[in-house]
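Worksheet: one structure, shown below.
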Amino acid sequence: MEQEKILLDIEYKFIEDFIKLRKEKGMTQHSLAELSGVLREKVAKIENHLNSPQINSLIKILQPIGYTIKIVPIDEEIKWVLI
């Protein structure tokens, strides 16, 4: 159970960071959708935590705001729970 909560927390933080970056770039969901080729409804569902984004969708929606996804080491504080 603890592992699932941590994973949900990581996803929640990721999406919140994404929303912050999109807004800092002055982009609406609509403009992001047009630039990324992802439907605005899908962007809205991701931002409202209604569904987990697929990797290809993440790559597409991050690109117009100047970001991508990357594999990085897990923070030591949560590593023990994920194993």
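The values are calculated or read from the model by the stated rules, or taken from the named source; none is laboratory data. Quantities reported herein were computed from a predicted structural model and do not represent experimental measurements. In this analysis, Cβ positions are derived from the backbone assuming ideal geometry, glycine residues included, and neighbour counts consider all displayed protein chains. Only protein heavy atoms, including side chains, enter the accessible area calculation; ligands, DNA and RNA are left aside. Shrake-Rupley method; radii C 1.70, N 1.55, O 1.52, S 1.80 Å.
Residues of the stretch 40-55 being hydrophobic (A, V, I, L, M, F, W, C) and in a helix (DSSP H, G or I), which ones? Spell out how you get there, then give the answer.
To start, the set of residues in the stretch 40-55 that are hydrophobic (A, V, I, L, M, F, W, C) comprises 43-44, 46, 50, 55.
Passing the criteria: Val43, Ala44, Ile46, Ile55.
Are there any pairs, at least 6 apart or on different chains, whose C-beta atoms fall under 7 Å, with the first in the stretch 19-39 and closer than 8 Å to Ile61 by Cα and assigned to a helix (DSSP H, G or I) and the second polar (S, T, N, Q) and open to solvent by 60 Å² or more (accessible area, probe 1.4 Å), and if so, which?
Short answer, once both residue conditions are applied: Ser36/Gln63.
Within the stretch 56-71, how many residues are assigned to a helix (DSSP H, G or I), charged (D, E, K, R) and loosely packed, with under 15 Cβ neighbours inside 10 Å?
Let us first name the residues in the stretch 56-71 that are assigned to a helix (DSSP H, G or I), namely 56-65.
Add one more test, that the residue is charged (D, E, K, R), and what stays is 60.
Among the residues that remain, those that are also loosely packed, with under 15 Cβ neighbours inside 10 Å are: none.
Total meeting the criteria: 0.
Residues being of a type in the set (A, V, I, L, M), open to solvent by 90 Å² or more (accessible area, probe 1.4 Å) and closer than 26 Å to Ile74 by Cα: count how many of those fall in the stretch 8-55.
Filtering the stretch 8-55 for residues of a type in the set (A, V, I, L, M) gives 8, 10, 15, 19, 21, 27, 32-33, 35, 38-39, 43-44, 46, 50, 55.
Filter once more, so that each one left must be open to solvent by 90 Å² or more (accessible area, probe 1.4 Å): 8, 35, 39, 50, 55.
When the remaining residues are screened for being closer than 26 Å to Ile74 by Cα, the result is 8, 50, 55.
Number satisfying all stated conditions: 3.
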